[in-house]
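Trainee: Please see the structure below; I have some questions.
Just so it is clear, none of the values below were taken in a lab; they were calculated from the coordinates. Note that the structure is predicted; figures quoted are calculated from it, not measured. Quick reminder, even Gly has a Cβ in these numbers, built from the backbone with ideal geometry, and neighbours come from all protein chains shown.
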Amino acid sequence: MDNELTALVARIRLLEEEVEQKLEERRASFQYSIDRRRVVFEESVRQQHRRIKVGLLSFLRNAPVLYMLSTPAVYALVLPIILLDLCVSIFQMLCFPLWGMPKIARADYIFIDRHYLAYLNGVQKLNCVYCSYANGVIAFTAEVAGRTEKFWCPIKHARRVQNPHRYYDDFLDYGDGVDYAEKLKKLRQDITGTE
């Protein structure tokens, strides 16, 4: 990657850090802390949450019919997502050590914490657990796939990729075959942490 692109990528990463700082400031305003992976709200906030909670029967009575009809389609993905989670976990457990790559902490991608929100009823909490798990598995899978791609085939595509993984910017340009083997070796050293 040339110097101008490297500088742009560095600026993007700085902006991402700045966004995360601003989000952290907003989080502080909601008066909660995390105690051993458990979210704990201040009592006054918990009471406020309980007051604004929509009861289960009222929630179900007011839910749009089309939303209710789509529920089986949404939850039909539970088994494939669990299977994907299992397969990707086994894949990295077997392959990453063989390639000299550190394993990815699955817990860094799958967060189940929305059930601590007292303003959600049981159905909303179940939906949030499902979405948190599903999106966490997808993020974990993308990380495993991104590291695997960087190790085996770190070449950009000819066309623009929507939302590429975080390793993509380091990939070799499409069609740049000069010193390919040497560049591939360097990228593998980057991902495995070896020299």
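Trainee: When the Karplus curve 6.51 cos²θ - 1.76 cosθ + 1.60 is applied with θ = phi - 60°, which whole-Hz ³J(HN,Hα) does each residue of region 116-126 get, with x for Gly and Pro?
Mentor: 7, 7, 6, 8, 9, 8, x, 5, 4, 5, 4
Trainee: Can I ask one more? With the cut-off at 1.5 for a/c, could you classify region 36-91 from its C-alpha gyration tensor as rounded, prolate or oblate? Please report the intermediate quantities before stating the final value.
Mentor: Values: a/c = 6.15, a/b = 1.27, b/c = 4.83.
It is oblate, given that a/c is not under 1.5 and a/b is not larger than b/c.
Trainee: Order of 137-147, 102-112 by packing, highest average Cβ count within 10 Å first? If you can, show how the numbers build up before the last one.
Mentor: Details: 137-147: 18.8, 102-112: 13.5.
Result, highest mean first: 137-147, 102-112.
Trainee: Whose amide H sits under 5 Å from the amide H of Y32, counting only residues 5 or more places off or on another chain, with H placed in the peptide plane?
Mentor: none
Trainee: Hey, how much of the P(r) for region 80-147 falls beyond 16 Å, as a percent of Cα pairs? Can you show the working numbers first?
Mentor: Working: 1146 of 2278 pairs.
Percent of Cα pairs beyond 16 Å in region 80-147: 50.
Trainee: Could you tell me the convex hull volume per residue, in Å³, taken over the Cα atoms of region 1-75? Walk me through the numbers before you get to the answer.
Mentor: Values: hull volume 16.8 nm³, N = 75.
Hull volume normalised by residue count: 224 Å³.
Trainee: Just want to confirm a number: the relative contact order over region 59-192, from Cα pairs under 8 angstrom separated by 6+ residues, in percent.
Mentor: Details: 86 pairs, mean separation 29.3, N = 134.
About 22 percent, as a whole number.
Trainee: Under 8 Å for C-alpha pairs, at least 6 residues apart: give me the relative contact order for region 10-129, rounded to a whole percent. Present the calculation step by step, with values, prior to reporting the outcome.
Mentor: Numbers: 51 pairs, mean separation 36.9, N = 120.
The value is 31 percent.
Trainee: Report the dimensions of region 119-195 along its three principal axes from the alpha-carbon atoms, largest first, rounded to Å.
Mentor: Over region 119-195, Cα extents along the principal axes are 59, 31, 16 Å.
Trainee: For region 17-31, in order, what is each residue's ³J(HN,Hα) by Karplus, 6.51 cos²θ - 1.76 cosθ + 1.60 with θ = phi - 60°, in whole Hz (x at glycine and Pro)?
Mentor: Values per residue, Gly and Pro as x: 5, 5, 4, 4, 4, 5, 5, 4, 5, 5, 4, 4, 6, 8, 6 Hz.
Trainee: Same structure again: Can you give the calculated 222 nm mean residue ellipticity of the chain, where each DSSP H run of n ≥ 4 adds -39,500 (n - 2.57) and the sum is split over every residue, rounded to the nearest 500 deg cm²/dmol?
Mentor: Values: 7 runs with 120 residues, N = 195.
The helix contribution divided over the chain gives -20500 deg cm²/dmol.
Trainee: If you don't mind, another one. Taking the Cα-to-Cβ direction at E20 and at A73 and moving 7 Å from each Cα, how far apart do the two end points lie in nm?
Mentor: 3.6
Trainee: Mind giving me the nanometre distance, one decimal, between the label points for I52 and I12, set 7 Å out from Cα along Cα→Cβ?
Mentor: 3.5
Trainee: Over all Cα pairs of the chain, how is the pair count split among 5 Å bins, expressed in % and running from 0 up to the last occupied bin?
Mentor: 1, 6, 10, 13, 14, 13, 14, 11, 8, 6, 4, 1, 1, 0
Trainee: What does the charge add up to near L98, with Lys and Arg as +1, Asp and Glu as -1, over the other residues with Cβ less than 15 Å from its Cβ?
Mentor: Numbers: positive: K103, R147, R188; negative: none.
With Lys, Arg at +1 and Asp, Glu at -1, the net is +3.
Trainee: Per residue of region 34-43, what does 6.51 cos²θ - 1.76 cosθ + 1.60 with θ = phi - 60° give for ³J(HN,Hα)? Whole Hz please, x for Gly and Pro, Karplus curve as stated.
Mentor: So the J values, rounded to whole Hz, are 10, 10, 6, 6, 10, 7, 10, 8, 5, 4.
Trainee: Can I ask one more? Rounded to the nearest 0.05, what FRET efficiency is calculated for Y168 and V123 with R0 set to 25 Å and r the Cβ-Cβ distance? All intermediate terms of the calculation are to be shown ahead of the outcome.
Mentor: Working: r = 38 Å, r/R0 = 1.52.
Given R0 = 25 Å and the Cβ-Cβ separation, E is 0.05.
Trainee: Here is a follow-up. For L172, list long-range residues whose amide hydrogen, built 1.01 Å from N in the peptide plane, is under 5 Å from its own amide hydrogen.
Mentor: I155, K156
Trainee: While we're on this one: Quick check: the angle from helix 180-192's long axis to the longest principal axis of the chain, C-alpha only, nearest 10 degrees?
Mentor: Orientation of helix 180-192: about 40 degrees from the principal axis.
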